[in-house]
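Beneath this line is the structure, given in structure tokens, with notes to follow.
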Amino acid sequence: MSEQPRRPRKPGKPYRRPQKDPVRVLAFEALRAVDERDAYANLVLPPLLRKAREKEGPEKFDARDAALATELVYGTLRRQGTYDAIIADCVDRPLREVDPPVLDVLSLGVHQLLGTRIPSHAAVSASVELARVVLGDGRAKFVNAVLRKVARDDLDGWLERVAPPYDEDPEDHLAVVHSHPRWVVSALWDSLGGGRAGIEDLLAADNERPEVTLVARPGRATADELLGEEAAVPGRWSPYAVRLSEGGEPGAVEAVREGRAGVQDEGSQLVALALAHAPLDGPDRRWLDGCAGPGGKAALLGALAAERGAFLLASEKQPHRAGLVARALEGSPGPYQVIAADGTRPAWRPGSFDRVLVDVPCTGLGALRRRPEARWRRRPEDLEGFAPLQRGLLRGALEAVRVGGVVAYATCSPHLAETRAVVADVLKQHPGAELLDARPLLPGVPALGEGPDVQLWPHLHGTDAMYLALVRRTS
């Protein structure tokens with residue numbers, strides 16, 4: 001029997017190594033750190049970028065690479081809720097069954113498709129290559145299939161499909177369209193006092209990239225000096241504030257490197273200035289920052305106190321954060337001391353201070369522009385955990401201040417349970433105290449409400465949503 005001739009084999013597609021894109025690999029690594037370690041992007045990203053800039057060869061970053069990586073990380077985190085809703089519409093399983101690393105690659109791809117000007121074919125191709133590098137060829141096919149579905153429409157078209165109509169469920173509509181948890185939308189809406197335009201403007205502002213704001217510490221630097229820096233423009237409200245336009249790098253500013261200036265949101269500066277300028281009855285010699293970490297407000301207060309010859313005690317419960325406070329205050333022109341102490345169990349005698357600041361721990365809902373991942377980590381029940389501490393710190397501050405002195409209660413959250421509810425509850429138990437009108441102490445700042453307390457807003461003031469109540473002890 002004759003041997004049958006073998007049929008020639010069809011040439012197969014040659015294997016091609018995945019092309020490693022350093023920018024997208026770095027963005028993926030940052031998202032994994034945020035997800036796996038509960039890290040914050042603003043702490044994870046800078047060292048990753050610094051390491052990438054120090055590399056030699058094709059993986060060395062330039063300014064454009066760093067800008068793209070930053071946009072991919074922050075844009076993806078800010079829009080996570082919206083992108084999850086779109087991805088869920090494109091897969092055949094619940095999102096909780098999609099491996100988190102796969103979901104990160106998909107989210108990065110969706111942001112490039114719907115949130116940037118990167119052409120669709122390039123966004124899909126780059127995301128599939130990233131998947132091949134970090135996930136393998138098998139899951140890269142899944143990523144390719146999903147992103148091709150996403151690429152069929154633009155963001156507006158997808159929102160029409162995945163967001164419930166506003167008339168049927170306004171809070172859920174806003175949650176999907178503006179990428180905030182529903183409970184956060186509800187809480188912010190309550191704090192604003194109603195109205196669709198205001199809440200939409202606020203949620204949109206939370207998704208914008210915040211400017212970097214510097215503070216010139218009095219007696220050590222001036223705003224005019226900082227304005228001599230490239231990309232620097234004046235602050236809106238604080239006489240010590242200077243904003244860096246896009247691309248401005250704080251670390252490149254000599255005064256920042258030397259500690260004579262720092263990075264500090266203008267809302268935070270206004271809180272310190274309001275306390276420093278609040279009217280007092282009697283002497284003005286001893287000031288206390290009762291929750292001083294990480295030290296931005298303490299450094300500004302220390303400089304303002306020094307101008308009057310006053311002493312500042314900066315207290316922080318956590319020793320490592322007290323170390324950050326000491327570093328921020330190093331070189332302050334006036335007398336100061338930094339201690340590790342619990343403001344609810346004071347290490348000082350009652351009535352020892354003329355001015356007291358307590359910027360209390362909170363949910364951080366006022367800084368969602370800077371820490372977008374916080375909106376997905378916080379839960380309504382977190383409020384119950386902060387409530388006793390916030391009240392205890394305000395009570396401790398009122399005990400620390402002398403009769404005729406002033407306490408500033410501040411928090412980087414607009415949630416009513418962390419602001420007015422705390423102040424009202426403590427004042428009920430402390431009849432020897434009264435609220436002062438804080439609005440005149442923020443001169444030139446518009447839309448401060450009916451008072452006497454002050455709530456700042458990203459969409460109205462360009463600041464974090466800082467809350468401030470000034471309380472004078474009367475007996």
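The values are calculated or read from the model by the stated rules, or taken from the named source; none is laboratory data. Everything numeric in this text was worked out from a predicted model, so none of it was measured. Backbone-built Cβ (ideal geometry, glycine too); neighbour counts: all protein chains shown. Calculation scope for accessible area: heavy atoms of the full protein, side chains included, ligands and nucleic acids excluded. Shrake-Rupley method; radii C 1.70, N 1.55, O 1.52, S 1.80 Å.
Rounded to whole Å and sorted largest first, list the principal axis extents of the Cα atoms in region 205-289.
Extents along the principal axes: 47, 31, 19 Å.
Quick check on region 107-159: what does the Kirkwood estimate of hydrodynamic radius come out to from the alpha carbon pairs, in Å?
Evaluated on region 107-159, it is 10.9 Å.
Which order do the peptides 88-98, 72-82, 452-462 take when ranked by the mean count of other beta-carbon atoms within 10 Å per residue, highest first?
Those peptides, ordered most packed to least, come out 72-82, 452-462, 88-98.
Residue farthest toward the positive end of the dipole of region 334-409, with Cβ of Lys/Arg at +1 and Asp/Glu at -1: which of Gly404, Ala387, Pro350?
Value computed over the given set: Ala387.
For Leu436, which sequence-distant residues (separation of 5 or more, or a different chain) have an amide H within less than 5 Å of its own amide H, given hydrogens modelled in the peptide plane?
Residues meeting the criterion, in which the H sits 1.01 Å from N, are Leu470, Val471, Arg472.
Which value does Rg/Rh take for region 168-217 over its C-alpha atoms, Rh per Kirkwood?
1.12
Would you work out the Kirkwood radius for region 260-330? I mean one over the mean of 1/r across all pairs of different Cα atoms, in Å.
Mean inverse Cα-Cα distance, inverted, gives 12.4 Å.
Give the carbon-plus-sulfur fraction of the accessible surface of the chain in %, rounded to a whole number; probe 1.4 Å, heavy atoms of protein chains only.
Answer for the chain: carbon and sulfur cover 50 percent of the accessible area.
Mind pulling the angle between the C-alpha long axis of helix 137-150 and the longest principal axis of the chain? Nearest 10 degrees, somewhere in 0 to 90.
Helix 137-150 sits at roughly 70 degrees to that axis.
What value in Å³ per residue do you get for the convex hull of the alpha-carbon atoms in region 128-273?
That works out to 187 Å³ per residue.
If packing is taken as the mean number of other Cβ atoms within 10 Å per residue, what is the order of 160-169, 179-188, 429-438, highest first?
179-188, 429-438, 160-169
To two decimal places, what compactness ratio does region 382-475 give when its Cα radius of gyration is scaled by 2.2 N^0.38 Å?
1.08
Compute the angle between helix 80-90 and the longest alpha-carbon principal axis of the chain, please, reported from 0 to 90 degrees and rounded to the nearest 10.
Compared with the principal axis, the helix lies near 20 degrees.
Taking +1 at the Cβ of each Lys and Arg and -1 at the Cβ of each Asp and Glu, which of Leu456, Asn207, Val44 sits farthest along the dipole of the chain towards its positive end, judged by Cα position relative to the Cα centre?
Final value for the positive-end residue is Val44.
Could you compute the net charge surrounding Pro294? Neighbours are other residues with a C-beta less than 12 Å from the C-beta of Pro294; K and R count +1, D and E count -1.
Around Pro294, the surrounding residues sum to 0.
Do the sum for the chain: with -39,500 (n - 2.57) for every DSSP H run of n ≥ 4, divided by all residues, what is the mean residue ellipticity at 222 nm, to the nearest 500 deg cm²/dmol?
Mean residue ellipticity at 222 nm (helix-derived): -14000 deg cm²/dmol.
In square nanometres, what is one fourth of the surface area of the convex hull spanned by the alpha carbons of region 110-208?
The directionally averaged projection comes out at 7.5 nm².
Can you give the Kirkwood hydrodynamic radius for region 259-393, in Å, rounded to one decimal and based on Cα pairs?
Roughly 15.7 Å, rounded to one decimal.
What does the accessible area per residue of the chain come to in Å², with a 1.4 Å probe and no ligands, DNA or RNA counted?
Here the residues of the chain average 47 Å² of exposed surface.
For Cα pairs less than 8 Å apart in space and 6+ apart in sequence, what is the mean separation divided by the residue count of the chain, i.e. the relative contact order in percent?
11
Tell me, how many Å apart are the Cα centres for region 185-223 and for region 358-410?
17
List the aspartates and glutamates whose Cα sits under 14 Å from the Cα of Lys141, skipping any in the same chain fewer than 8 residues away.
Glu129
Can you tell me what the convex hull of the Cα atoms of the chain projects to on average, as an area in nm²?
Result: 28.9 nm².
Given the C-alpha atoms of region 329-456, compute the convex hull and give its volume per residue in Å³.
Output value, Cα hull per residue: 162 Å³.
Treating the beta-carbon of each Lys and Arg as +1 and of each Asp and Glu as -1, no other charges, what is the dipole magnitude of the chain about its Cα centre, to the nearest 20 debye?
Computed charge dipole of the chain: roughly 1600 debye.
Quick check: the distance between the Cα centres of region 38-84 and region 131-151, to the nearest angstrom?
For region 38-84 versus region 131-151, the Cα centre distance is 21 Å.
In degrees between 0 and 90, to the nearest 10, how far off the longest principal axis of the chain does helix 296-307 point, with axes built from Cα atoms?
30
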